[in-house]
Amino acid sequence: MSRRLLLGVAPALCFLEFIASATPINGKSMSPTLNPDTMRHDQRDWVLLDKFTTLRIGDVVTFTAPHDVNQTLVKRIVATEGDIVYTRPHLFKYEYPGLEMERPPKVIKVPKGFCWVESDESYRGIDSNVFGPVPLGLMHGRAAYVVWPPERVGPISAGKIRRGIEHVDR
């Protein structure tokens with residue numbers, strides 16, 4: 001019996017670790033794409049993460065926060081290696097106890113092996129305009145579908161990319 005259980009559990013764990021998994025989305029920084037109902041704090045979107053895909057500009061992704069390995073963030077990829085980004089000014093200062101973050105330069109070329117991520121709602125949450133380009137190694141996967149709540153089930157749109165980014169030919 002224990003061998004059968006192991007043979008059944010091992011593939012399931014591999015699937016969840018390397019192929020796909022469901023995860024809740026906290027916060028409002030990706031509204032209206034995710035968690036659009038700002039009046040309902042008791043309900044949040046759950047998404048299916050595709051971990052076995054090539055990430056592209058426009059994808060909504062989850063990743064380990066570059067400034068805090070215990071925090072997972074969800075943002076949209078707006079630029080990839082070689083692209084030029086004109087950073088957005090911030091309306092308020094982000095402060096973290098024991099952590100000093102220097103704001104990225106006003107113009108930055110995304111280095112090889114990195115991407116630039118931003119919130120859909122620019123005034124909520126932190127993104128690359130605060131912590132700079134994100135190493136691709138910190139990416140968990142692409143949020144492909146909303147799987148909960150039932151009235152929101154469906155694919156996640158590629159979204160609109162803001163002006164202020166020069167994409168290189170690929």
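Key figures for this structure:
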read-out	value
Filter result (under 15 Å from W116 (Cβ atoms), touching a Phe, Trp or Tyr at 6+ places or on another chain (Cβ under 9 Å) and at pLDDT below 90) within the range 132-170	R163, G164, I165, E166
Residues (in contact (Cβ under 8 Å) with a residue 24 or more places away in the chain and open to solvent by 70 Å² or more (accessible area, probe 1.4 Å)) located in the range 133-151	L136, G137, Y145, W148
Of all residues making up the range 102-121, the number that are open to solvent by 60 Å² or more (accessible area, probe 1.4 Å) and modelled with pLDDT under 90	4
V130 in contact with a His (Cβ under 8 Å, 6 or more places away or on another chain) and either buried (at least 17 other Cβ atoms within 10 Å of the Cβ) or not in a loop (DSSP other than H, G, I, E, B) (or both)	yes
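For every residue, the table says whether it meets (1) out of contact with any Gly (no Cβ under 9 Å at 6 or more places or on another chain); (2) of a type in the set (A, V, I, L, M); (3) under 25 Å from T23 (Cα atoms); (4) at pLDDT below 95.
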residue	(1), (2), (3), (4)
L55	no, yes, yes, yes
V61	no, yes, yes, no
P66	no, no, yes, yes
T72	yes, no, yes, yes
V78	no, yes, yes, yes
Y86	no, no, no, yes
H90	yes, no, no, yes
E95	yes, no, no, yes
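The values are calculated or read from the model by the stated rules, or taken from the named source; none is laboratory data. All figures in this text were calculated on a predicted structure; none of them were measured in a lab. A quick note on method: Cβ atoms are made from the backbone with ideal geometry, for glycine too, and the neighbour counts reach across all protein chains shown. Side chains are part of the model used for accessible areas, which takes the heavy atoms of the whole protein and leaves out ligands, DNA and RNA. Shrake-Rupley method; radii C 1.70, N 1.55, O 1.52, S 1.80 Å.
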